[in-house]
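See structure below.
The values are calculated or read from the model by the stated rules, or taken from the named source; none is laboratory data. A quick note: this is a predicted structure, and the numbers were derived from the prediction, not measured. With ideal geometry, Cβ positions are generated from the backbone for all residues, glycine too; neighbour counts draw on all protein chains shown. Surface accessibility is based on the protein's heavy atoms, side chains included, excluding ligands, DNA and RNA. Shrake-Rupley method; radii C 1.70, N 1.55, O 1.52, S 1.80 Å.
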Amino acid sequence: QSLLQRILEITTPTFNATLGMVLLRDLDTDTLRAKASVGFDAPMDEELCINLGQGFSGSIAQTGEPAMLPDLDRSDGVLNPILRTKARALWGVPLKNGDQVIGVLLIGFARPYEWLPTERELLRAIADRSALAIDRARMTDALKEREMRIVELSAHLLKVQEQERKRISRELHDETGQALMVIRLYLGMLETTLTGRAAKNKVRETVGVVDRTIEGLRRIIGRLSPLVLQE
């Protein structure tokens, strides 16, 4: 929006115009919408919708060629009533990205005014530079939007991963860990019933293996989700 406003603030004084407007093309609906304006009592309504080929601006967008209405009092074509009350002459050039028209640049004058060939070419050159700047701005905005989307998806992925880690941590603690503790308890009870030294030593060795397994399990839980371990 600021870029379009800046384009108008440069263009209108260059030609001593009293008003200006940038309309951009919506490729989905093939319509033109006012995106920036100068010289009006209030900003032109963005909801203003002009079909391709309709009126002065729509014709420029359709043909891709500059056009002029040197005296609106002698023009009976379709024109926005606000423009008729604010201007006596209109110049318009297409904003083109390659062969594609992406919008229309309009400037208006308080008196009937017909352009000279040099003025027409200067306005066309300004429109070409403006279209290039608009296209770059759109690409930058699209890139920023993609980057924001990537950040959102990354945050969502991290959240899902953390939830999965918490789930695995709880299952290891509540199921596997508790099962190992029960095994250790049973082994301790078994040891008290044994009389043979060899059998008791084997049970003690097995208890040691279980203890090391429990300790290893606790380390895994801690690495998966320290918060769960603290709780």
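Picking from residues in region 74-89 that are modelled with pLDDT of 80 or more and not hydroxyl-bearing (Ser, Thr, Tyr), the one that is most open to solvent (accessible area, probe 1.4 Å) is 74. Total residues in region 125-142 satisfying the condition of being within 25 Å of residue 84 (Cβ to Cβ) and either touching a Ser or Thr at 6+ places or on another chain (Cβ under 6 Å) or open to solvent by 40 Å² or more (accessible area, probe 1.4 Å) (or both): the figure is 1. Taking every residue in region 149-168 that is assigned to a helix (DSSP H, G or I) and pairing it with any residue that is open to solvent by less than 80 Å² (accessible area, probe 1.4 Å), at least 6 positions away or on another chain, the pairs with Cβ-Cβ distances below 7 Å are 165/224; 165/225; 166/225; 166/228; 168/224. Scanning region 187-211 for residues that are closer than 28 Å to residue 167 by Cβ and either open to solvent by 50 Å² or more (accessible area, probe 1.4 Å) or not β-branched (Val, Ile, Thr) (or both) gives 209, 211. Residues that are small (Gly, Ala, Ser) and surrounded by fewer than 16 Cβ atoms within 10 Å (Cβ to Cβ) are absent from region 25-38 altogether. Scanning region 39-66 for residues that are at pLDDT 90 or above and open to solvent by 30 Å² or more (accessible area, probe 1.4 Å) yields 59, 62, 63, 65.
For the condition open to solvent by 60 Å² or more (accessible area, probe 1.4 Å) and touching a residue at least 40 places away in the same chain (Cβ under 8 Å), residue 184 does not qualify.
Of the strands (runs of 3 or more DSSP E) entirely within region 1-97, those holding at least 3 residues that are among the aliphatic types (A, V, I, L, M) and under 23 Å from the mean Cα position of the chain (by Cα) occupy 19-26, 31-38. Against the test of being in contact (Cβ under 8 Å) with a residue 12 or more places away in the chain, within 30 Å of residue 9 (Cα to Cα) and assigned to a helix (DSSP H, G or I), the options 142, 131 yield a single qualifying residue, 131.
Scanning region 115-123 turns up one or more residues that are touching a residue at least 24 places away in the same chain (Cβ under 8 Å), of a type in the set (Phe, Trp, Tyr) and either surrounded by 13 or more Cβ atoms within 10 Å (Cβ to Cβ) or in a helix (DSSP H, G or I) (or both). Candidates in region 187-231 are the residues that are closer than 27 Å to residue 169 by Cα and of a type in the set (Asp, Glu); of these, the one that is modelled with the lowest pLDDT is 231.
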